[in-house]
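The values are calculated or read from the model by the stated rules, or taken from the named source; none is laboratory data. What you are looking at is a predicted structure, and each value in this text was computed from that prediction instead of being measured. Because the Cβ atoms are built from the backbone with ideal geometry, glycine has one as well, and the counts that use them run over all protein chains shown. We work out accessible area using only protein heavy atoms, side chains counted, and drop any ligands, DNA or RNA first. Shrake-Rupley method; radii C 1.70, N 1.55, O 1.52, S 1.80 Å.
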Amino acid sequence: MADNTPAGSTTDGAIQVGGPQQPIDARVSAPASYDVADFPVPHGREEEWRFTPLERLRGLHDGTAVANGGGVKVEVSAPAGVTVETVGRDDARLGKAGKPVDRVAAQAYSSFEKASVVSIPKDAVLTEPVTISVHGEGGVAFGHQVVEVGAFAEAVVVLDHTGDTTLAANVEFLVGDGAKLTVVSVQDWDATAVHAAQQTALIGRDASFKSVIVTFGGDLVRLHPRVVYGAPGGEAELYGLYFTDEGQHQEHRLFVDHDTPHCRSNVAYKGALQGQNAHAV
């Protein structure tokens, strides 16, 4: 019996010319906006949300979570010469590192009332770290933190998260030309806390940024560290360590945008899971 299947075809259909097409990276094609209305409510079928148990976000993703006066208490301990401010939404430094790229981050940006700004002056070399303590006091909160490092300055900043809350936040690191910033972000929440945050670093010319993220606590922690190079010569190192216990969901969705020439990055995350229904992404 003659085979009428055309050459180059199979009985399942024509072979794709040029080989399989690579899927578009959702992190590259993600829209960016300050307006929560520009993001559809996720349902868990989207690539960037398919591993996240949305029901455990307590409404941070669909607009039903409302700040209720509980929230978090933020305290900053800084060496002499560092400026610590509480500013309104109209401060020009807010949003400078980059726009939110998912609905939770946009909800946080649309909902916060006051932001904390830590400024390290040009040429300053800090011999002691800046410590930003974020302590949950129950309820729902939306936060915004900016760390601004002047040109050729050097600093270590520690973000310490403790207590119990439902928190959506944006954290921005503005690293000036030739500056060096190391950030240590520790998530040591109580077992019932929920924390979703976008951490965005804008790195200046010939500047360096090191991020060390350590996640232990919380019922659900979903962090989105992002690096954007503002000029050539920038360097970024992203390190992470997580220990996910029984019933916990810990998610770290990293993205480094190499759209600027002569920039480098190195990423290394390691973690361990212990107990039934421990989930890490």
- Query: If only one of Leu202, Leu223 is in contact (Cβ under 8 Å) with a residue 60 or more places away in the chain, in a strand (DSSP E or B) and either within 20 Å of Val117 (Cα to Cα) or touching a His at 6+ places or on another chain (Cβ under 9 Å) (or both), which one is it?
  - Reply: Leu202
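Can you tell which of Asp160, Asp177 is open to solvent by 10 Å² or more (accessible area, probe 1.4 Å), outside any strand (DSSP E or B) and not β-branched (Val, Ile, Thr)? Outline the logic, then answer.
Details: Asp160 fails: outside any strand (DSSP E or B).
So the residue among Asp160, Asp177 that is open to solvent by 10 Å² or more (accessible area, probe 1.4 Å), outside any strand (DSSP E or B) and not β-branched (Val, Ile, Thr) is Asp177.
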- Query: For the stretch 88-141, how many residues meet the condition of being more than 14 Å from the chain's Cα centre (by Cα) and either of a type in the set (Gly, Ala, Ser) or in a strand (DSSP E or B) (or both)?
  - Reply: 24
- Message: Which of the numbered conditions does Asp25 fail, given that it passes all the others? Conditions: (1) closer than 30 Å to Val149 by Cβ; (2) at pLDDT 95 or above.
- Response: (2)
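Pick from Ala278, Ala196: which is at pLDDT 95 or above, of a type in the set (A, V, I, L, M, F, W, C), within 26 Å of Gly138 (Cβ to Cβ) and in contact with a Leu (Cβ under 7 Å, 6 or more places away or on another chain)?
Going through Ala278, Ala196 in turn, just one is at pLDDT 95 or above, of a type in the set (A, V, I, L, M, F, W, C), within 26 Å of Gly138 (Cβ to Cβ) and in contact with a Leu (Cβ under 7 Å, 6 or more places away or on another chain): Ala196.
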- Kindly establish whether Ala80 is modelled with pLDDT of 95 or more, more than 19 Å from Val130 (Cβ to Cβ), open to solvent by 50 Å² or more (accessible area, probe 1.4 Å) and of a type in the set (Gly, Ala, Ser). no
- Total residues in the stretch 187-210, condition open to solvent by 10 Å² or more (accessible area, probe 1.4 Å), within 25 Å of Leu57 (Cα to Cα) and of a type in the set (Ser, Thr, Tyr): 1
- When you go through (1) part of a strand (DSSP E or B); (2) β-branched (Val, Ile, Thr); (3) surrounded by fewer than 19 Cβ atoms within 10 Å (Cβ to Cβ) one by one for Thr64, which number turns out not to apply? (1)
- Taking the stretch 249-280 and the residues there that are touching a His at 6+ places or on another chain (Cβ under 7 Å) and farther than 21 Å from Lys210 by Cβ, the one that is most open to solvent (accessible area, probe 1.4 Å) would be His279
- Taking only the stretch 247-281 into account, find how many residues are touching a Ser or Thr at 6+ places or on another chain (Cβ under 6 Å) and in a loop (DSSP other than H, G, I, E, B). 1
- Please state which of the following conditions Val228 fails to meet, knowing it meets all the rest: (1) surrounded by fewer than 21 Cβ atoms within 10 Å (Cβ to Cβ); (2) over 14 Å from the mean Cα position of the chain (by Cα). (2)
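Going by what's in this entry, would Glu246 be described as of a type in the set (D, E, K, R), open to solvent by 30 Å² or more (accessible area, probe 1.4 Å), in contact with a Cys (Cβ under 8 Å, 6 or more places away or on another chain) and without any contact (Cβ under 8 Å) to a residue 40 or more places away in the chain?
Judged against the criteria, Glu246 is not a match.
One line per residue, one yes/no per condition, for (1) open to solvent by less than 40 Å² (accessible area, probe 1.4 Å); (2) modelled with pLDDT under 95; (3) farther than 20 Å from Arg56 by Cα:
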residue	(1), (2), (3)
Asp91	yes, no, yes
Ala97	yes, no, yes
Asp123	no, no, yes
Val140	yes, no, no
Val149	yes, no, yes
Val156	no, no, yes
Leu167	yes, no, no
Leu181	yes, no, yes
- Message: Among the residues of the stretch 248-255, are any in contact with a helix residue (DSSP H, G or I) (Cβ under 9 Å, 6 or more places away or on another chain) and of a type in the set (Phe, Trp, Tyr)?
- Response: yes
